[in-house]
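First the structure, in the form of structure tokens, and then the observations on it.
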Amino acid sequence: MIYEGKSLSVIMTDDGIAELIFDAEGSVNKFDQQTVSELDKATAAIQGADGVKGVLVRSAKSTFIVGADITEFTGLFSLPKEEVLAWVSKTSQVFDRFEDLPVPSICAINGFALGGGCEMTLACDLRVADSTARVGLPEVKLGLMPGFGGTVRLPRIIGSDNALEWMTTGRDRNGQKALAEGAVDAVVDPANLHQAARKMLLDAIAGKFDWQARRTQKTSPLSLNTNEAMMSFSTAAAMVAAQAGKHYPAPHKMVETVQKAAASGREGALKLENEGFVQLARTDACKAQVGIFLADQLVKSKGKKTAKAATKEVKQHAVLGAGIMGGGIAYQGAVKGVNTIMKDIAQGALDLGLNEASKILTKGMQRGKVDAKKMASTLNNIVPTLDMKAIAGADLVIEAVVENPKIKGSVLKETEETVAEDAIICSNTSTISIDLLAKSLSKPERFCGMHFFNPVHKMPLVEIIRGEKTDDATIASVVAATLKMGKTPIVVNDCPGFLVNRVLFPYFAGFSKLVIDGADFTAVDKVMEKVFGWPMGPAYLLDVVGMDTADHAASVMSDGIPERMQKIENDPVTLLYTNERLGQKNGKGFYNFSLDKRGRPAKKAAQEAYDLFAPHVASTKEFDAEEIIARTMIPMANEAIRCLEEGIVGSAAEADMALLYGLGFPPFRGGIFRYIETMGLDNFVALADKYADLGPIYQISDGVREMAASGKSYFA
């Protein structure tokens, strides 16, 4: 044994190979500060050992190294700029010292080698992967760039074009793809990985591989002439501008850094990388994206923990109510291998539901993500029926009929009378109180809400709504079933609109008030999409939701929370609804919808909508972007805060992920609570107070005022 630490060790073989083995105490290997320190000590031990002819780096776990320890970033990045720079410089020099060992090195890659794990492989002279390997630099997804030499070594190994595509997209590669691009030297079966790596290293030791030339290439300037450099970097910059836009600084900084470092050797290039890393680490986008990662980990951990408590295994689903929504829910279970009964009272609805599943699968086949076998097995898992008795054997019933409490209540009552005593019953309602619906059941403890978002196959979130009488066993089983369907469950307590719709409708109300005060809805959409970053502005989103659905939900919210959510007089949404302008579903709403010359969906601001609003709204007035954002986002933020204060949602992190996964909240803002905290609680209070005279949805709670005054955080 040359070296032994808590995260890694170095052993010596009889033929002079020092094997550096990563084997952290947890379930996976990560580059936390302890592991980096141990790598430096191990490198020094190898340097000082007698008889070392080569170094083989491998993992004792089923995966290589998943990356840096993100949990350390929040504390690190809050340090003064000089200290963050000192940390990343010191860390990257550890990789340099390993790379500079006077003997050849090889990395045996199994499973994930991501971020810092990938950078460890790049510091080696040779790389061999097994068929399970996934190699990549995903730092861009955290608003960062590689910080341990990735922007220096990868372009010099596989070329700047390929390297920038790796880094700016954050997509990882399998072994064969990495081999084709030159990032690894061989791909072998897992059983042969260790032996193949040893053989290749012994060949390098014997002089069959010119490992010194490889190392020189990594530490030298990029081999690009002026024209090649201009073409490479201008193309990369244009691609990033088109795909990432202005809200995500990380990919732009990567292109800039690699370009500036092209003429430098390793030392100068690493200095530029270190400086770029620190600049990004201090951006709001990085804080938001790191926050999302940590919140996502929390939500996943909570879901798995809850699911482990499930005592009932769900083997068969039943979906009541077909059509597009019911078909989407049925598809989601069926595609994951769950036998699903799809029941409706009309054959046409069943046909529509089956067509929805078939359409999703057909698109998957066209994109090469679904094969004929998968399509057949999924469709075979969906059993359409008009007979209520067919659901008798279902373990989990998801009611997805029309959003009407009387109809839902009747269907739920009939369901309870049909299924087994221990079957779980859920309602896919978006606004109706679970406690109200539970009154139709004799065993409300086995009932909860299961709110899917449309389109079901694309939207990751399922809101699981706990009623007053829902028991823990029911929640555990539904969480487990949701995870099995490939969705992210977030458990909330019952209230009007639950969490997502409860915070969405004040946002819509803020938008409606803006239009009434003279704002052009297209100008509002432009600001909320281009400046704030929503995938759709409020008018466009309302057209997608449907004016009938939105008006109905607004009535439910008004009845449930009358002190803040009274229906607005002359609400543009109601005006459109009463004039049968329902949005996308009938091709006319705020916008008129059609197909362009290529058959692609197109929208155009509807003059009919302007004419409809004219007698009821103020003269057209221009609002600046800051006011538009404030008047739409303050109501959403206020309601999210009240949901947290009332215990509707368990944590700010869960609220952030619910809005991210359920509404498409801009990731670079990190979620509604991260947005508030980035602004600063005291600044948020001052901004809300500025608009308080607009009504109750703009008036903050005493709780947030107290938090701001005491300097507290929602993420403490």
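The values are calculated or read from the model by the stated rules, or taken from the named source; none is laboratory data. Note that the structure is a prediction, hence the values are computed from the model and not measured. Neighbour counts are summed over all protein chains in view; Cβ atoms, including those assigned to glycine, are modelled from backbone coordinates with ideal geometry.
Each residue in region 341-373 was checked for being of a type in the set (Gly, Ala, Ser) and exposed (fewer than 15 other Cβ atoms within 10 Å of the Cβ), and 4 pass. Of GLY170, GLY207, all but one fail to be on the phi > 0 side of the Ramachandran plot and either in contact with a Lys or Arg (Cβ under 6 Å, 6 or more places away or on another chain) or buried (at least 23 other Cβ atoms within 10 Å of the Cβ) (or both); the exception is GLY170.
It is to be established whether one or more residues within region 333-348 are touching a strand residue (DSSP E or B) at 6+ places or on another chain (Cβ under 8 Å) and either among the charged types (D, E, K, R) or not assigned by TED's automatic domain parsing to the domain that holds ILE424 (or both). Looking through region 333-348, at least one residue is touching a strand residue (DSSP E or B) at 6+ places or on another chain (Cβ under 8 Å) and either among the charged types (D, E, K, R) or not assigned by TED's automatic domain parsing to the domain that holds ILE424 (or both).
If you go through region 430-480 one residue at a time, how many are of a type in the set (D, E, K, R) and under 24 Å from GLN316 (Cβ atoms)? Number of matching residues: 7. The residues on offer are LYS253, LYS246, and the sole one that is charged (D, E, K, R) and in contact (Cβ under 8 Å) with a residue 12 or more places away in the chain is LYS253.
Scanning region 395-429 for residues that are within 32 Å of the chain's Cα centre (by Cα) and either within 17 Å of GLY327 (Cα to Cα) or assigned to a helix (DSSP H, G or I) (or both) gives LEU396, VAL397, ILE398, GLU399, ALA400, VAL401, VAL402, GLU403, CYS426, SER427, ASN428, THR429. Taking the conditions (1) free of Cβ contacts under 8 Å to residues at least 12 places away in the same chain; (2) of a type in the set (Asp, Glu); (3) in contact with a Pro (Cβ under 9 Å, 6 or more places away or on another chain) in turn, GLU267 satisfies each one other than (3).
Restricting region 250-268 to residues that are under 16 Å from SER232 (Cβ atoms) and of a type in the set (A, V, I, L, M) leaves a set whose member that is nearest to the chain's Cα centre (by Cα) is MET254.
Scanning region 96-111 turns up no residue that is crowded, with 19+ Cβ neighbours inside 10 Å, over 24 Å from ASP172 (Cα atoms), β-branched (Val, Ile, Thr) and out of contact with any Cys (no Cβ under 9 Å at 6 or more places or on another chain). Evaluate region 271-283: report whether one residue or more is of a type outside the set (Gly, Ala, Ser), closer than 28 Å to LYS487 by Cβ and in contact with a Pro (Cβ under 7 Å, 6 or more places away or on another chain). Checked against the condition, which is being of a type outside the set (Gly, Ala, Ser), closer than 28 Å to LYS487 by Cβ and in contact with a Pro (Cβ under 7 Å, 6 or more places away or on another chain), region 271-283 yields no hits at all.
The residue that is surrounded by the fewest Cβ atoms within 10 Å (Cβ to Cβ), among those in region 14-23 that are in contact (Cβ under 8 Å) with a residue 24 or more places away in the chain and out of contact with any strand residue (DSSP E or B) (no Cβ under 6 Å at 6 or more places or on another chain), is ASP15. The residue that is surrounded by the fewest Cβ atoms within 10 Å (Cβ to Cβ), among those in region 386-431 that are basic (Lys, Arg) and touching a residue at least 24 places away in the same chain (Cβ under 8 Å), is LYS389. Can you spot a residue in region 399-411 that is farther than 25 Å from ASP551 by Cβ, modelled with pLDDT of 95 or more and touching a Ser or Thr at 6+ places or on another chain (Cβ under 6 Å)? Looking for residues that are farther than 25 Å from ASP551 by Cβ, modelled with pLDDT of 95 or more and touching a Ser or Thr at 6+ places or on another chain (Cβ under 6 Å), one finds none in region 399-411, hence no. Of all the residues in region 113-152, those that are part of a loop (DSSP other than H, G, I, E, B), in contact (Cβ under 8 Å) with a residue 40 or more places away in the chain, small (Gly, Ala, Ser) and closer than 22 Å to ASN274 by Cβ number 4. Please state which one of GLY67, GLY51, GLY26, GLY75 is assigned by TED's automatic domain parsing to the domain that holds LEU114, among the small types (Gly, Ala, Ser) and closer than 24 Å to PRO102 by Cβ. Matching residue, one of GLY67, GLY51, GLY26, GLY75: GLY51. Filtering region 327-349 to residues that are out of contact with any Ser or Thr (no Cβ under 8 Å at 6 or more places or on another chain), within 19 Å of ALA423 (Cα to Cα) and part of a helix (DSSP H, G or I) leaves only ILE329. Of the residues making up region 32-54, at least one is touching a residue at least 60 places away in the same chain (Cβ under 8 Å) and either over 19 Å from ILE106 (Cα atoms) or of a type in the set (Gly, Ala, Ser) (or both). Across region 1-58, what is the total count of residues that are among the small types (Gly, Ala, Ser) and not in a helix (DSSP H, G or I)? Qualifying residue count, region 1-58: 11. Within region 454-465, the set of residues being under 13 Å from ASN428 (Cα atoms) and surrounded by fewer than 21 Cβ atoms within 10 Å (Cβ to Cβ) comprises just one member, ASN454.
Of all the numbered requirements in (1) aliphatic (A, V, I, L, M); (2) within 19 Å of HIS616 (Cα to Cα); (3) at pLDDT 95 or above, ILE568 misses one, and that requirement is (3).
Mind checking which residues of region 435-454 are in contact with an Asp or Glu (Cβ under 9 Å, 6 or more places away or on another chain) and either of a type in the set (S, T, N, Q) or in a loop (DSSP other than H, G, I, E, B) (or both)? Answer for region 435-454, where residues must be in contact with an Asp or Glu (Cβ under 9 Å, 6 or more places away or on another chain) and either of a type in the set (S, T, N, Q) or in a loop (DSSP other than H, G, I, E, B) (or both): SER440, LEU441, SER442, LYS443, PHE453. Check region 352-362 and report whether any residue there is part of a loop (DSSP other than H, G, I, E, B) and touching a helix residue (DSSP H, G or I) at 6+ places or on another chain (Cβ under 7 Å). No - not one qualifying residue is present in region 352-362. Within region 591-612, restricting attention to residues that are among the hydrophobic types (A, V, I, L, M, F, W, C) and touching a strand residue (DSSP E or B) at 6+ places or on another chain (Cβ under 7 Å), the residue that is surrounded by the fewest Cβ atoms within 10 Å (Cβ to Cβ) is LEU595.
Counting just the residues of region 663-684 that are buried (at least 18 other Cβ atoms within 10 Å of the Cβ) and aliphatic (A, V, I, L, M), which one comes out nearest to VAL649 (Cα to Cα)? Across region 663-684, the extreme among qualifying residues is ILE672. On inspection, SER433 qualifies as of a type in the set (Gly, Ala, Ser) and either closer than 25 Å to TYR661 by Cβ or under 19 Å from the mean Cα position of the chain (by Cα) (or both). Selection of region 80-112 for residues being among the hydrophobic types (A, V, I, L, M, F, W, C) and either closer than 10 Å to VAL278 by Cβ or not assigned by TED's automatic domain parsing to the domain that holds GLY149 (or both) yields VAL84, LEU85, ALA86, TRP87, VAL88. Set side by side, the residues ALA640, ALA655 differ, and just one is in the same structural domain as TYR507 (by TED's automatic domain parsing) and closer than 20 Å to THR431 by Cβ, which is ALA640.
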